[in-house]
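Colleague: Sending over a structure as structure tokens; questions will come in a sec.
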Amino acid sequence: MPQDKRLQITINAIHIIAWTYIFTSPILFAREPMHSDYYRHIPHIITTFFSCLFFYAIYFFLVPKLIYKEKKHYKLLFLIVILTAIIMTTMFEVLYNYLIPYINKRFPDFFGLPDNPFPPNSFTIGHIKIFLEGMVRNFTTFITTAGVAIILQLSLRWQRSENERQKAETARAEAELQVLRHQLSPHFLLNSLNNIYSLVAFDQSKAQNAIVELSKMLRYQLYESNAEFVPLKKEVDFLKNYISLMRIRISDTIVVNTSFDYDDENLLVAPNILIYLVENAFKYGLQPTGKAAITMKLVVKERQLTFLCTNSICRQTVQDNNNSNTTNTAGLGLQQVERMLNIYYKQRHLWTYGLCPDGEHYQSFLKIEL
């Protein structure tokens, strides 16, 4: 059931229960309900009935017309409420204290009421003190009714606005995730094709193996990673395929150490977050000459994921990227990781990255509460 419909049903139920309670409370809480003198409750029923009309006139008409427009008319609403409360209070006190007792006394058969249908002294003609007490009591009732109506209507409007804001935020986040996913596929595909292209010239067998690995990755990208969350094992297999693809083109002087340890392979995770970190390590960690090392360690235990990725720094690669006029795809990738973490795991992740103290290695550490 939609959230707005559930909210409306809840509000309607509250209204029905509240007014039923208000109308019946004098009878329900009478000492002897079965032998209660129901004529005594007539003023309460009449006052409550008009309070109900007053409530919904403010709730459905006055507040939407005077407050929800571009120009707010708070003073006019306040004036209308005060004047209406004074008029109704005066009308009821005259009716209860003078008109009904007078007509009932002169024409006993007109109302068909007992000689004394109301509480003693409540309708004594000319009793100014009781009249003023009734005025204060009913005026307070009407003002309270108006205040509750205004507060409830404004609260309901705020709740609906908040629901709409949350829907818009969710839709925006989903659209942004789609954009991020579409940015990932061409990016990694371009890098992978460049790797395969470099292999074709000198080792066709390795190139064929690379195409097989690439096909596995594309299958995952096309058919698996479009879901909001994917099983952990599939995401790990995707990382392993990418690492296998990269191993084909690197020399024996580059050491790649990987470790994947998880206690639940069916645990769901957000796709395509870790691949940016792995891709970044290979992009900046491969030395044209000399030794280099890339280390990746993934541990998932008790719904907590930790990923540590460390790579040697290739100064030449960094310099080439800094001097290039093209977009720094590594920087873009790190921005995407940050954005995806904030969408999927807001306030449930810790991510640190940067140079190690020795200045020769770069490290990225990520911890997520799944």
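Residues checked against (1) out of contact with any His (no Cβ under 8 Å at 6 or more places or on another chain); (2) within 20 Å of Tyr197 (Cα to Cα); (3) without any contact (Cβ under 8 Å) to a residue 60 or more places away in the chain:
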site	(1), (2), (3)
Leu232	yes, no, no
Asp237	yes, no, yes
Tyr242	yes, yes, yes
Met246	yes, yes, yes
Val256	yes, no, yes
Asp263	yes, no, yes
Leu267	yes, no, no
Ile273	yes, no, no
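Colleague: Could you list, ordered by first residue, the pairs with Cβ atoms under 6 Å in which the first is in the range 153-171 and closer than 20 Å to Pro64 by Cα and the second is modelled with pLDDT of 85 or more and part of a helix (DSSP H, G or I), at least 6 apart or interchain?
Modeller: Close Cβ pairs satisfying both conditions: Gln153/Tyr59; Gln153/Val63.
Colleague: Could you check how many residues of the range 51-80 are of a type in the set (Val, Ile, Thr) and either free of Cβ contacts under 8 Å to residues at least 40 places away in the same chain or in contact with a Phe, Trp or Tyr (Cβ under 8 Å, 6 or more places away or on another chain) (or both)?
Modeller: The total comes to 2.
Colleague: While we're looking at this one, here's another question. Give the number of residues within the range 234-281 that are part of a loop (DSSP other than H, G, I, E, B) and at negative phi.
Modeller: Number of matching residues: 12.
Colleague: Another question, then. Check Leu66, Leu76 and return the single one that is surrounded by 15 or more Cβ atoms within 10 Å (Cβ to Cβ), in contact with a helix residue (DSSP H, G or I) (Cβ under 9 Å, 6 or more places away or on another chain), modelled with pLDDT of 85 or more and more than 13 Å from Thr145 (Cα to Cα).
Modeller: Step by step, each of Leu66, Leu76 is checked, and only Leu66 is surrounded by 15 or more Cβ atoms within 10 Å (Cβ to Cβ), in contact with a helix residue (DSSP H, G or I) (Cβ under 9 Å, 6 or more places away or on another chain), modelled with pLDDT of 85 or more and more than 13 Å from Thr145 (Cα to Cα).
Colleague: Filter the range 70-94 down to the residues that are β-branched (Val, Ile, Thr) and within 13 Å of Ile58 (Cα to Cα) and list them by number.
Modeller: Ile80, Val81, Ile82, Thr84
Colleague: Given the conditions (1) among the small types (Gly, Ala, Ser); (2) in a helix (DSSP H, G or I); (3) touching a residue at least 24 places away in the same chain (Cβ under 8 Å); (4) assigned by TED's automatic domain parsing to the domain that holds Ser312, report the number of the one that Ser198 does not fulfil.
Modeller: Failing condition for Ser198: (4).
Colleague: Check Phe307, Phe229 and return the single one that is modelled with pLDDT of 85 or more and crowded, with 16+ Cβ neighbours inside 10 Å.
Modeller: Of Phe307, Phe229, the one residue that is modelled with pLDDT of 85 or more and crowded, with 16+ Cβ neighbours inside 10 Å is Phe307.
Colleague: Checking Ile294 against (1) touching a residue at least 24 places away in the same chain (Cβ under 8 Å); (2) over 18 Å from Asn311 (Cβ atoms); (3) not charged (D, E, K, R), which single condition isn't satisfied?
Modeller: For Ile294, the exception is condition (2).
Colleague: For residues that are acidic (Asp, Glu) and either in a helix (DSSP H, G or I) or in contact with an Asp or Glu (Cβ under 7 Å, 6 or more places away or on another chain) (or both), tally how many sit in the range 203-233.
Modeller: 1
Colleague: Right, something else. Quick check: is even one residue across the range 315-334 part of a strand (DSSP E or B) and either modelled with pLDDT under 85 or surrounded by 12 or more Cβ atoms within 10 Å (Cβ to Cβ) (or both)?
Modeller: No, that holds for no residue.
The values are calculated or read from the model by the stated rules, or taken from the named source; none is laboratory data. Keep in mind it's a predicted model, so treat the numbers as computed, not measured. Positions of Cβ are generated from backbone atoms using ideal geometry, with glycine treated the same way; all protein chains shown enter the neighbour counts.
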